[in-house]
Amino acid sequence: MTSLLSKPSKMPGTSFSIDAELCVTGGKLAKIPGTVCFNCYALKGAYRWKPVKKAMKYRLDKLNSPEFISDMVAELDKKRAKEHRWFDSGDVHSVAHCLKIIAVCEATPHKRHWIPTKERTIWQDALKMVDLPKNAVIRYSAHKVDVAPPSKWENSSAVIKDITKPIGKLCEAYRTKKSGEMVSQSEYQTAKKNKKLGKLDVGYCGNCRACWSPDVKTVSYPEH
């Protein structure tokens, strides 16, 4: 049976994904060099496999259905994980999507919800109607690599090329192992130079939960 929940292997908790090919803003940015969506990870690799695409279509159909809120809450309640990420692939398409997500967050106060998005206008329209629960954080994404998000944005994210010049808090998953141990910068750079990053088995969140925290204004992700 297809699940409403996806499980990115290197992140804590659960996630929810729909096809990134259907992104409203991201679909346009994906065609423009220099944007954070150009060469998008969710438009290649396992995300393009037929079973994965079928599962993402199922989730989108559910998201558009009247029973989505109750079904999603039921699935989340079955999991012990405290963190949930919305959209490891894809994004909201409408205010209706936003309102349903907010309802799920409200119904699962024991979970922390991270909502990355490039659809700031859609979310702003939704938040004129209802408040965002305290257990959720929306991270509005800067559209271009190495460009800081507007300071007026409550919480945000950026993509950077130079890890020595982060905008806000640097995401160090790029050098973090599953155990939470971090390899040194020199070891990482050597492996990267020799194209042996796979042997390091890094890319995990470890103990970091900055993306889920409203107290962290901006998180910078190294371009990859």
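Every number in this text was worked out from the coordinates using simple rules, so none of it is lab data. None of the values given here were measured: they were computed from a predicted structure. Every residue, glycine as well, gets a Cβ built from its backbone with ideal geometry; the counts of neighbours run over all protein chains shown.
For the range 118-182, the spherically averaged projection of the C-alpha convex hull amounts to 5.9 nm². Placing a pseudo-label 7 Å from each Cα along the Cα-to-Cβ vector at K128 and S179 gives an inter-label distance of 5.3 nm.
In nm, what is the difference between 0.36 nm times the number of residues separating D71 and R209 and their Cα-Cα distance?
Gain in length upon complete extension: 47.1 nm.
Let me know the longest stretch in the chain that avoids all trypsin sites (Lys or Arg not before Pro) found in a DSSP loop with at most 12 other C-beta atoms within 10 Å. No qualifying site falls inside 81-127, the longest such stretch. Estimated purely from DSSP H runs of n ≥ 4, each contributing -39500 (n - 2.57), the mean residue ellipticity at 222 nm for the chain is -8000 deg cm²/dmol once divided by its residues. Loop-located chymotrypsin sites (Phe, Trp or Tyr not before Pro) across the range 1-79 with a Cβ neighbour count of 10 or fewer within 10 Å are W49, with loop assigned by DSSP. For the chain, the longest principal axis of the Cα atoms and the long axis of helix 95-107 meet at an angle of about 90 degrees.
Our summary gives the chain a relative contact order of 19 percent, counting only alpha carbon pairs under 8 angstrom and 6 or more residues apart. On full extension, the segment bounded by K199 and K144 gains 16.8 nm, given 0.36 nm per residue less the C-alpha separation.
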